[in-house]
Amino acid sequence: MPSLYDLSLVELESWVAERGQPKYRARQVWEWAYRHLAPSYDEMTNVPAALRASLAAGLPFPAMDTVREQTSDDALTRKRLIRLHDGKLIESVLMLYDPRSESRGRATVCVSSQAGCAMGCGFCATGQAGFERNLTTGEIAAQVIAFAREQKAHAKAASGRAITNVVFMGMGEPMANYNAVWRAVETLHSPEGFGLAARHFTISTVGLTQGIRKLGGESLQVGLAVSLHAPDDALRQSMISTAHRYPLAEIVGACREYIEATGRRVTFEYCLIENVNDAPEQAQALGRLLKGLLCHVNLIPVNPTADAGIRRPARARTLAFQRELAASGIACTVRVEKGVEISAACGQLRGDASHRPDAAPQQIAISGR
Ligand code: SF4
């Protein structure tokens, strides 16, 4: 059965009309759901009780039970493990940024687009666990709405900022679930409801070129982030089991088309792993690969996973890599990792909880780094 969040406003209008109600009722429900962030139909007091009852029966709110939640030492990062109606576990993260930082007080939600992932990145806990299923539009939107509702409830606190950004960088490959992801963007963008500006969404991919091209043709111009992690195909294929399907030359070609179509800069993500892809000559090769592209590279020192072979490079080595890349003319930054102490890398919280799937919701005391 679809949930309320699975429908577009137009579809909700049809749903309501099919039940003999005027279309404006749909708009009322939409505003309650996305502007007032109502947690149930009970709050929708200007909607007739009979219609609320049939909505509750036919279009329930999606089942999203928080199984576990962790908060970072500075209370700026909150990561949660969510159980869906069929028992599948996903993760989403809220990241608040210091108003004095470059990110100017952003409140970003990182959402999952799939339960599990089929892409097989060897350094990722989700990739190691495999693919389960695509999320629906409603399950994706609900991750954002849940955090937005909580932020609204704490609006008077310094941390109670409204959500400003949504990034598709949680569990799953968003381009492999393109339609549901895009519908969630449209829903959360809708000016009649949540109203998040298009440029405040970022869709990430490990390099699915069809999706990159499709995104370039969309009327809403959202951000694109492409995970490279290696400057050559051989190394990339040893790190990502499905990378042979997406050679680097094709990924860069698709990004070039995206930039030409949108005029927007592409962000490349490069996860630095000690003695795997962090040598100065690899930085030079990456510089040659990206030469001439309107782009920015995010260098991300890896979060260690269960695989003991994956280690984070020393700070000096990370900075040396950044210097080499910058010397090639590529704009790059080292990403400030948020929530390292709370298993904030994708799939880690689920991995922790898989040994205790029936764990009760809890706040977890976090030790310092
Ligand atoms: S890093 Fe992303 S694309 Fe790669 S396996 Fe993990 S979730 Fe999938």
With point charges of +1 on the Cβ of Lys and Arg and -1 on the Cβ of Asp and Glu, referenced to the Cα centre of the chain, which listed residue (His296, Gly127, Ala115) lies farthest in the positive direction of the dipole?
His296
Rounded to the nearest 10, the angle in degrees between the Cα long axis of helix 9-18 and the longest principal axis of the Cα atoms of the chain comes to 30 degrees
Once the Cα atoms of the range 167-244 are picked out, what are the Rg and Dmax in Å?
14.0, 48
Order by protection proxy (mean Cβ within 10 Å, highest first), peptides 267-277, 49-59, 71-81:
267-277, 71-81, 49-59
Nearest 5 is fine: what % of DSSP beta bridges in the chain come out antiparallel, could you say?
45 percent
The chain: calculated mean residue ellipticity at 222 nm from DSSP helix runs of at least 4, using -39500 (n - 2.57)
-9500 deg cm²/dmol
Dipole of the chain, Cα-centred, from +1 at each Lys and Arg C-beta and -1 at each Asp and Glu C-beta, to the nearest 20 debye?
660 debye
Measuring from the lowest to the highest alpha carbon on each principal axis, how far does the chain reach, largest first, in angstroms?
68, 47, 40
Cα axis of helix 178-189 to longest principal axis of the chain: angle in degrees, 0 to 90, nearest 10?
60 degrees
Excluding ligands and nucleic acids, what accessible area in Å² is computed for Ser328 using a 1.4 Å probe, to the nearest 10?
40 Å²
Sequence of Phe131, Phe61 from largest to smallest accessible area, 1.4 Å probe:
Phe131, Phe61
Looking only at lysines whose Cα falls under 30 Å of Lys156's and that sit 8 or more positions away or on another chain, we get Lys79, Lys338
Taking the Cα centroid of the range 174-208 and of the range 210-252, what is the distance between the two, rounded to the nearest whole Å?
18 Å
For the chain, take the longest principal axis of its alpha carbons; what is the angle in degrees between that and the long axis of helix 315-327, to the nearest 10 within 0 to 90?
80 degrees
What FRET efficiency comes out for Asn46 versus His85 if R0 is 25 angstrom and r is the Cβ-Cβ distance? Round to the nearest 0.05.
0.30
Express in nm, to one decimal, how much length is gained between Arg315 and Asp65 on full extension, taking 0.36 nm for each residue of separation and deducting their alpha carbon distance.
86.2 nm
Using all Cα-Cα distances in the range 1-148, what percent lands in each 5 angstrom bin from 0 up to the longest?
2, 9, 15, 18, 15, 14, 12, 8, 5, 2, 0
Residue by residue through the range 33-43, which ³J(HN,Hα) values in whole Hz follow from phi under the Karplus form 6.51 cos²θ - 1.76 cosθ + 1.60 (θ = phi - 60°), with glycine and proline marked x?
6, 10, 9, 8, 6, 4, x, 7, 6, 4, 6
Pair Arg133, Lys156: separation of 7 Å Cα→Cβ label points (nm)
4.2 nm
Would you kindly calculate the translational diffusion coefficient of the range 232-281, applying Stokes-Einstein with the Kirkwood radius from alpha carbon pairs, for 37 °C and a viscosity of 0.692 mPa s, and quote it in µm² s⁻¹ without decimals?
262 µm²/s
To the nearest 20 debye, the range 1-146 has a Cα-centred charge dipole, built from +1 on Lys and Arg Cβ and -1 on Asp and Glu Cβ, of 180 debye
Only four residue types carry charge here, +1 at the Cβ of Lys and Arg and -1 at the Cβ of Asp and Glu. Report the dipole size of the range 87-153 about the Cα centre in Debye, rounded to the nearest 20.
180 debye
Across 10 Å bins from 0, what is the distribution of all Cα-Cα pair distances for the range 88-174, in whole percents?
18, 42, 27, 13, 0
10 Å beta-carbon shell around Pro231, net charge (K/R +1, D/E -1)
-1
Quote to one decimal, in nm, the extra length available between His296 and Leu220 on full extension: 0.36 nm per residue of separation minus the C-alpha distance between them.
25.3 nm
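The values are calculated or read from the model by the stated rules, or taken from the named source; none is laboratory data. If you're wondering where the values come from, they're calculated on a predicted model, not measured in any experiment. In this analysis, Cβ positions are derived from the backbone assuming ideal geometry, glycine residues included, and neighbour counts consider all displayed protein chains. Remember, those area values only see protein heavy atoms, side chains included, never the ligands or the DNA or RNA. Shrake-Rupley method; radii C 1.70, N 1.55, O 1.52, S 1.80 Å.
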